[in-house]
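A short worksheet on the structure shown next.
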Amino acid sequence: MKVLSNLQRYGLALISSGLALVLAWPIDAPSSCFLLAVTVSSLFGGLGPGLLSVALSALSFEYFFLWRTFPPTHETAGFLRFLVFVIATLLITALMEIKRRVEESRTRAQEALRLAQSDLAHVNRVTTMGELTASLAHEVNQPIAAAVTDANTCLRWLTRDQPDLEEAREAASRTVKDATRAAEIVSRIRLTFTKSTPQRELVDVNEIIREMIVLLRNEASRCSISVRTELVPHLPRVIGDRVQLQQVMMNLMINAIDAMKNVEGTRELVIKSQRAEDEQLVLAVSDTGVGLPPQQADQIFNAFFTTKRHGTGMGLRISRSIVESHGGRLWAAENSPRGASFYLTLPTKLEAHE
């Protein structure tokens, strides 16, 4: 609801009371018109404008209408009707004020909950990225090392007795490309660590998947896990917070990697994206790991439930909350012959829930 200034709030009380008087005069229905004016003033203006409307309505009702209905010989009946009218207007004002305060309290509670969820999600991101420090350092070091090699190559071509400018130019171009790649990786890591207010924008989910694959590629290689994608091109964008959706994909991919660390045989992480019905996108993260915990598959999204020795049990709970706040769903299913798949839907046009 738009917040009105004091001048607007009290002006609303004056205007609504005046309109009630104008409307009530020809149709001779003062009670209904003035009660409506009080309701509007209290609902949109608050307690002060509501009481002002009560006073103006009571004066107008008594001066312009009460004497027309009850002549001096029926003064007692007129007074009782006036008293009932005033009590009714005051009751309406009180009820509207209670309603307004309840709504304000609810709004404050929702904002506090949103901030708490944001803080918890940030802690989860930092914890997860902290566990991947070695892999991320290696991921950043690769393009930096390549840039140094290319720079040295460029120098060698330039310091020859007969400098080869074309070879030097190609080596310098590779240096720029590798340095840019390192900067992009650092930027993604920094963005993941940053604590900020969620920002909704149009997001390309395929791009998010590719970014997370870059960050987790070394971790997957270290565990001898192959990563395969089946991404439908030119998917509609979704309205969402980029960092939060990155966090969901990161949590699901890390869980899949952890599930395959100690299994024998094929270790494959498959990530898919495709259109679904009702203007939805479906993303899937599948692995060939240990599968869902026996007899406890329905508990994996509960807070603090974990099968990891040092797990917090909050990754999947936070991921589901994020997906649901974007108007989607997140669930899991067993794979055959082994492993698990996590599916999430995101709306392409439906506004995300606040």
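Of all the residues that make up the stretch 160-178, how many are in contact with a helix residue (DSSP H, G or I) (Cβ under 6 Å, 6 or more places away or on another chain) and more than 9 Å from ASP150 (Cβ to Cβ)? Can you show your working first?
Filtering the stretch 160-178 for residues in contact with a helix residue (DSSP H, G or I) (Cβ under 6 Å, 6 or more places away or on another chain) gives 164, 167-168, 171-172, 174-175, 178.
Among the residues that remain, those that are also more than 9 Å from ASP150 (Cβ to Cβ) are: 164, 167-168.
Within the stretch 160-178, residues that are in contact with a helix residue (DSSP H, G or I) (Cβ under 6 Å, 6 or more places away or on another chain) and more than 9 Å from ASP150 (Cβ to Cβ) number 3.
Could you check the stretch 339-350 and list, in sequence order, the residues that are outside any strand (DSSP E or B) and surrounded by 17 or more Cβ atoms within 10 Å (Cβ to Cβ)?
Taking the stretch 339-350 as the starting set, the residues that turn out to be outside any strand (DSSP E or B) are 339, 348-350.
Correct list: GLY339, THR348.
Which one of these does ASP204 not meet: (1) surrounded by 13 or more Cβ atoms within 10 Å (Cβ to Cβ); (2) over 26 Å from THR348 (Cα atoms); (3) free of Cβ contacts under 8 Å to residues at least 40 places away in the same chain?
(2)
Output yes when any residue across the stretch 56-68 is at pLDDT 85 or above and within 24 Å of TYR10 (Cα to Cα), and no when none is. Spell out how you get there, then give the answer.
Initial filter on the stretch 56-68 (at pLDDT 85 or above): 56.
Right, trim to within 24 Å of TYR10 (Cα to Cα) and you get 56.
Yes: the stretch 56-68 contains one or more residues that are at pLDDT 85 or above and within 24 Å of TYR10 (Cα to Cα).
Which numbered condition trips up ARG181, out of (1) modelled with pLDDT under 80; (2) over 23 Å from the mean Cα position of the chain (by Cα); (3) open to solvent by less than 70 Å² (accessible area, probe 1.4 Å)?
Only one criterion is unmet by ARG181, namely (3).
Looking only at the stretch 328-338, decide whether some residue is open to solvent by 20 Å² or more (accessible area, probe 1.4 Å) and modelled with pLDDT under 85. Full working, then the answer.
Of the stretch 328-338, the ones open to solvent by 20 Å² or more (accessible area, probe 1.4 Å) are 329, 331-338.
The next check asks that each one be modelled with pLDDT under 85; those that pass are 336-337.
Yes, the stretch 328-338 has at least one match.
The values are calculated or read from the model by the stated rules, or taken from the named source; none is laboratory data. All values derive from a computational prediction rather than experimental measurement. When we count neighbours, we look across all protein chains shown, and the Cβ atoms used for this are built from the backbone with ideal geometry, even at glycine. Note: areas computed on protein heavy atoms with side chains; ligands, DNA, RNA excluded. Shrake-Rupley method; radii C 1.70, N 1.55, O 1.52, S 1.80 Å.
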